[in-house]
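Engineer: Dropping a structure here in structure tokens format, bear with me for questions.
Throughout, read-outs are computed from the coordinates displayed, never taken from laboratory work. All of these numbers come straight from a predicted model, not from anything done at the bench. FYI the Cβ positions are ideal-geometry reconstructions off the backbone, even for glycines, and counts take in every protein chain you see.
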Amino acid sequence: MSSTTHPHETPEDVRRRRASRPKAARQLGSTALIYLVLVGVVVASAVLTAVEGRNFFSQGNIWGVLTAMSVLGLISIGQTLVILVGSLDLSVPYVVSLATLIAAGGMKGLDANVPAAVFNTLVLCALIGLVMGLLVSLLDVHGFIASLGVGLIVSGYLATNYQGSHGAAAPDVRLLGRSGIAGIIPTAFIILLVCTLIVTLLLRYTRIGHHLYAVGGNREVARMSGVRTAVPVIAAHVVCSLLAGLAGLMLLSRTGVGLPTIGSQGRYDLLSIAAVVLGGTLLAGGKGSVIGTIGGVAIFAVIDNVMGVMQVNPFLKDFVRGLVIVLAVAVYARRSVVSRPPRFGPDRVLPLPGPLAGPASPTDKEPA
Amino acid sequence: MTDTHVLVATGMTKSFFGNTVLADLDLALRPGEVHGLVGENGAGKSTLMKMLAGVYTPDRGTILVNGEQVSYSHPVQAQRAGVSTVFQEFNLLLERTIAENIWLGREPRRFGRFGPVDTARMRRDTEELLTGLGVEGLRAGTLVRSLSVAEQQIVEIAKAVSFDAKVIQMDEPTAALADHEVELLYSIIERLTGRGVAILYVSHRLKEIFDLCRTITILKDGQHVATRPAEDLTEGELVRLMVGRPLTQYFPDKPVDVAVGAPRLTLAGVGNGYVDGVSLEVRAGEIVGLAGLQGSGRTELLETVFGVHPVARGSVSLDGAPLEVSSPRQGVRARLAFITEDRKAKGLALNQSILDNSLGVVRSVFPRRTGSARREMPGVLSNLDVAAHSLDQEVQFLSGGNQQKVVLARWLSIDPLVVLMDEPTRGIDVGAKHRVYELMRELTRQGVAVLMVSSELPEVIGMSDRILVMRDGRLAGELPAGSSEEAVLAMATGAASEGDAA
């Protein structure tokens, strides 16, 4: 046995054994990697911005980048949960639009209406998530289809009932949209950070968080271990829609009116999935983190920002975004998945030399 | 007897679709005892284990743990009752840590029911469990993906122990282990029995059974044959008890008009990560059987010849010319056919039609021959007695036997020179089996070389002109046609090398 004390193991064997095990650094892998890439992207952007004769780190620019991150960030946190549990949510853009309309319609420009409007909006969004969660977990509809269907229903409702802008945000809400710390950090970004922290803690320190990873990793294993597999699926979808609703409120605080197409124009469905995958979460589920996702969102925001400064044309923007996603996934895919470790050859954790070694030992020394 | 026994199962019976796979079995385990459970494939060992583990519900029978009757319908209930099982297929999440896997579904919490998960305690308890098993060097926070198979098995055992198990069942625990890893398993088992845990140990490897077990229960065709103290048995007797059944199988006679021709497929010292130093020869018109235990590398050898795993050492030749195959596509181009053991996952596209499936290989590798193959296919399929409404029927609705015939038709369409068969009659009915055997004879008449892997010893013995036996990734030896099952089993388990085989 490779990783345990063995009567015939010499220090040399221990060293070789340790060497054959993936390093802890490689385990950190995706999250560390994504932030390393982010630093690189920031440096490159700073240089490119400077070439244009402007300062990437100016107060206004930082504010812009962080603002751009907040809405997509909130949605992507939810998307991370849904993808972790092995599902997918394509309905987010429509839920975002719906949230702006319901909230703006409820507020009617009056501060007194805010609590009720916010409450109604979030409850409605949570209900939409609940429907999808139930479809996925109890009826075994794949999340792709369940959320596509629900998304289309919401989108149809929006298109028939709302033409153009609707309602008005309360002044306090609009003020909140412009507020921030020292003119650098917008309140919206602080909300994003708080949500990131809460969701990270939930994933790490609640049973439901652990079970979310388990169900996404292998539903059958989770079931055999006594996990109620429906619970994490439903929870992930409810939280995802809830966060999409919150993102809608955030957009409302900036636009001041409810807009039926604001979500689909933002392409939050595909961008949030892209950010999640870029952040190192496995599209198949079971592995990943919210912190990584925020890194992915930041990379998109920085690249968008610098392309805006350089006045790159929109097609090229999408080209670059696409390139980033494909390259990132190609890098992750290189981590090979060996289902059955070989019996012979150097790939195998080394058997021991000496009289007790099995028949495999002679070949282990040959390069195969 | 219940006083001294930790687990008593009586009258355990289970049938599937009217087919009794285990009849009226009694089993009793004493604390601290390693109890061996042996029998051939299909003898009912895993059915028994799954009933004790809560995966299957027994049709009849009672289970007492520590004198109390238990009944369960879910593995977790069995574990809570004190019966844990380490299956051959591990139930682990690869992307989670050791601790998270062990405590999955019952993560400890601080401050009562709604408190946060106590990760520190999870880690501490995990380290404690591993230390208790005498395992060092595994950390609670290590991802399971980065562990070797043996280490993953230790995690499974630790998980079993964490339920405070009184009985731990182990299904072929050494199938994937190297020799020195087996020793660690032995020492872990010793520690467990020292604590009074009873182990139900299922293995094909007789040496291990005799090394470890105090008592041995032998099953055959779903019936209890004997339960005896290990010291009253020799390996030879044990093998006889396992095999000694009336030979009811029937195999078509060897045709007299087939002369074995020149060597068709020749392997010289072939090796890679899965097999090593394999030299063999299959002649035109010859059926060579490849026997061995689960995990002995038989399937991997066929896959190596077919190009699934590259050949790292040694050489392969076909009809005397060197053959270099590095992908299945090249294997097909060289007119090798590979009948996989996993028909549903690798042999067929289940939701496509019979016709599309049977033309699958020709279409993708020899597209110009598709037309003629399509014209011939109805004849080929009816010659194989495929029972279906039409060729447009989806293969998922066919019986196992008919599915296998479609697989065969799919490969016959390339006019193979060599047919590699992996468990060609697994999970198919008697009639279809017979047709497969006839087809093998027909192939030899056409000069095709057949290399057949099978776990059914009567089949290997009844169909093969020669029998090659594999053990631990290498050829253990060759036996002539008509050898006894005892001889094959002895060679496959390594009992022959101990010198006291039957």
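Engineer: Estimate the FRET efficiency between B:ALA268 and B:ALA481 by the formula 1/(1 + (r/R0)^6), using the beta-carbon distance for r and 22 Å for R0, to the nearest 0.05.
Structural biologist: It comes out at approximately 0.40.
Engineer: Sorting A:ASP269, B:ASP221, A:ASP111 on the 10 Å Cβ count, fewest up front, what's the list?
Structural biologist: In increasing order of surrounding Cβ atoms, one gets A:ASP111, B:ASP221, A:ASP269.
Engineer: Which value, in Å³ per residue, describes the convex hull spanned by the Cα atoms of segment A:29-332?
Structural biologist: Values: hull volume 39.6 nm³, N = 304.
About 130 Å³ per residue, rounded to a whole number.
Engineer: So, one more: From the P(r) of segment A:66-143, could you give the percentage of C-alpha pairs in the tail past 17 Å? Show your work: numbers first, answer last.
Structural biologist: On the way: 1624 of 3003 pairs.
More than 17 Å apart: 54 percent of the Cα pairs in segment A:66-143.
Engineer: While we're on this one: Once you have all Cα-Cα distances for segment B:193-281, histogram them in 5 Å bins from zero and send the whole-percent values.
Structural biologist: Histogram of Cα-Cα distances, whole percents per bin: 3, 9, 14, 13, 9, 10, 14, 14, 8, 5, 1, 1, 0.
Engineer: Sticking with this one: Find the relative contact order for segment A:29-332 and round it to a whole percent, using C-alpha pairs within less than 8 Å whose residues are 6+ positions apart. Intermediate values should be presented prior to the final figure.
Structural biologist: Values: 539 pairs, mean separation 110.5, N = 304.
In percent, rounded to a whole number, it is 36.
Engineer: Enter the angle in degrees (range 0 to 90, nearest 10) between the Cα long axis of helix B:430-445 and the first principal axis of the Cα atoms of chain B, meaning the one along which they spread out most.
Structural biologist: Here the helix axis deviates by roughly 40 degrees.
Engineer: Determine Rg/Rh for segment A:162-236; Rg is computed over alpha-carbon atoms and Rh is the Kirkwood hydrodynamic estimate from the same atoms.
Structural biologist: The Rg/Rh ratio comes out at 1.24.
Engineer: State the dimensionless ratio Rg/Rh of segment B:230-377 (Rg: radius of gyration of Cα atoms; Rh: Kirkwood radius).
Structural biologist: Numbers: Rg = 19.6 Å, Rh = 18.6 Å.
A ratio of 1.05.
Engineer: Moving to a separate point now. In Å, what Rg and Dmax follow from the Cα atoms of segment B:263-498?
Structural biologist: Cα radius of gyration and Dmax of segment B:263-498 are 17.3, 57 Å respectively.
Engineer: Say each of A:PHE119 and B:THR57 gets a label point 7 Å from the Cα, pointing the same way as Cα to Cβ; how far apart are those two points in nm?
Structural biologist: Once both label points are built, they end up 4.6 nm from each other.
Engineer: A further question on this structure: Can you pull the one-decimal nm distance between simple spin-label points at A:ILE184 and B:ALA120, each 7 Å off the Cα toward Cβ?
Structural biologist: For A:ILE184 paired with B:ALA120, the spin-label model returns 3.4 nm.
Engineer: Dimensions of chain B along principal axes (Cα, Å, largest first)?
Structural biologist: 73, 52, 48
Engineer: Principal axis extents for segment B:361-502, Cα atoms only, whole Å, descending order, please.
Structural biologist: Ordered largest first, segment B:361-502 gives principal extents of 57, 29, 26 Å.
Engineer: Determine the gain in length on full extension of the stretch A:VAL51-A:GLN265; use 0.36 nm per residue of separation and subtract their C-alpha separation, reporting nm with one decimal.
Structural biologist: 73.9 nm
Engineer: Continuing with this model, one more query. With both bridge residues required to lie in chain B, what share of the DSSP beta bridges run antiparallel, to the nearest 5%?
Structural biologist: 55
Engineer: Viscosity 1.002 mPa s, temperature 20 °C: give me the Stokes-Einstein translational D for segment A:140-270 in µm²/s, with Rh taken as the Kirkwood radius over C-alpha pairs. Display every interim value, and only then the final one.
Structural biologist: Values: Rh = 17.4 Å.
Using the Kirkwood radius from Cα pairs, D works out to 123 µm²/s.
Engineer: Please list, or write none, the lysines whose alpha carbon is within less than 16 Å of the alpha carbon of B:LYS50, excluding same-chain residues fewer than 8 places away.
Structural biologist: Counting by Cα, and skipping residues close in sequence, B:LYS50 has these lysines nearby: B:LYS14.
Engineer: Just want the answer: with Cβ charges of +1 for Lys and Arg and -1 for Asp and Glu, which residue in A:SER147, A:PRO171, A:PRO186 is farthest toward the dipole's positive end in the protein assembly as shown?
Structural biologist: The residue sitting farthest along the positive end of the dipole is A:PRO171.
Engineer: Roughly how many nanometres apart are two label points built 7 Å out from the Cα toward the Cβ at B:ARG228 and B:ARG139?
Structural biologist: 5.1
Engineer: Counting other beta carbons within 10 Å of each residue's own, what order do B:LEU479, A:LEU130 fall into, fewest first? Write down the numbers at each step before the final one.
Structural biologist: Details: B:LEU479 21, A:LEU130 16.
By the 10 Å Cβ count, ascending: A:LEU130, B:LEU479.
Engineer: Counting Lys +1, Arg +1, Asp -1, Glu -1, what net charge surrounds B:GLY32 among other residues with beta carbon under 13 Å of its beta carbon?
Structural biologist: +3
Engineer: Then there is this: When the C-alpha atoms of segment A:42-106 are aligned to their principal axes, what extent does each axis show, in angstrom, from largest down?
Structural biologist: Dimensions of segment A:42-106 along the principal axes of its Cα atoms: 42, 35, 14 Å.
Engineer: Give the average over all directions of the projected area of the C-alpha convex hull of segment B:450-493, one decimal, in nm².
Structural biologist: The directionally averaged projection comes out at 2.8 nm².
Engineer: Along the charge dipole of segment B:263-498, pointing to its positive end and built from +1/-1 on Cβ of Lys, Arg, Asp and Glu, which listed residue (B:GLY292, B:GLY273, B:GLN330) has its Cα farthest out?
Structural biologist: B:GLN330
Engineer: Hey, another quick one. Treating the beta-carbon of each Lys and Arg as +1 and of each Asp and Glu as -1, no other charges, what is the dipole magnitude of segment A:29-332 about its Cα centre, to the nearest 20 debye?
Structural biologist: 260
Engineer: Something else about it: Using the Cβ atoms and a cut-off under 15 Å, what net charge is assigned to the surroundings of A:ASN61, where Lys and Arg are +1 and Asp and Glu are -1? Intermediate values should be presented prior to the final figure.
Structural biologist: Details: positive: A:ARG54; negative: A:GLU52, A:ASP304.
That works out to -1.
Engineer: Still on this structure: Considering just Cα atoms, how many Å³ per residue does the convex hull of the protein assembly as shown enclose?
Structural biologist: Looking at the protein assembly as shown, the number lands at 210 Å³ per residue.
Engineer: Return P(r) of segment B:122-169 (all Cα-Cα pairs; 5 Å bins starting at 0; whole %; ordered from short to long distances).
Structural biologist: Over segment B:122-169, the share of Cα pairs per 5 Å bin runs 5, 21, 34, 25, 11, 3 percent.
Engineer: Loop by DSSP (not H, G, I, E, B), at most 10 other beta-carbon atoms within 10 Å: where is the longest site-free stretch of chain B for chymotrypsin sites (Phe, Trp or Tyr not before Pro)?
Structural biologist: Value returned for the longest uninterrupted segment is B:115-502.
Engineer: May I pose another question? Based on DSSP loop calls and a cut-off of at most 16 other Cβ atoms within 10 Å, the longest stretch of chain B free of exposed GluC sites (Glu not before Pro) is what?
Structural biologist: B:137-323
Engineer: Next question. Within 10 Å of each residue's Cβ, count the other Cβ atoms and sort A:HIS142, B:HIS389, B:HIS35 from fewest upward.
Structural biologist: So the residues, fewest neighbours to most, are B:HIS389, A:HIS142, B:HIS35.
Engineer: Continuing with the same structure: In µm²/s, what is D for segment A:284-328 at 20 °C and 1.002 mPa s, where D = kT/(6 pi eta Rh) by Stokes-Einstein and Rh is the Kirkwood radius from Cα pairs?
Structural biologist: For the chosen part, D equals 184 µm²/s.
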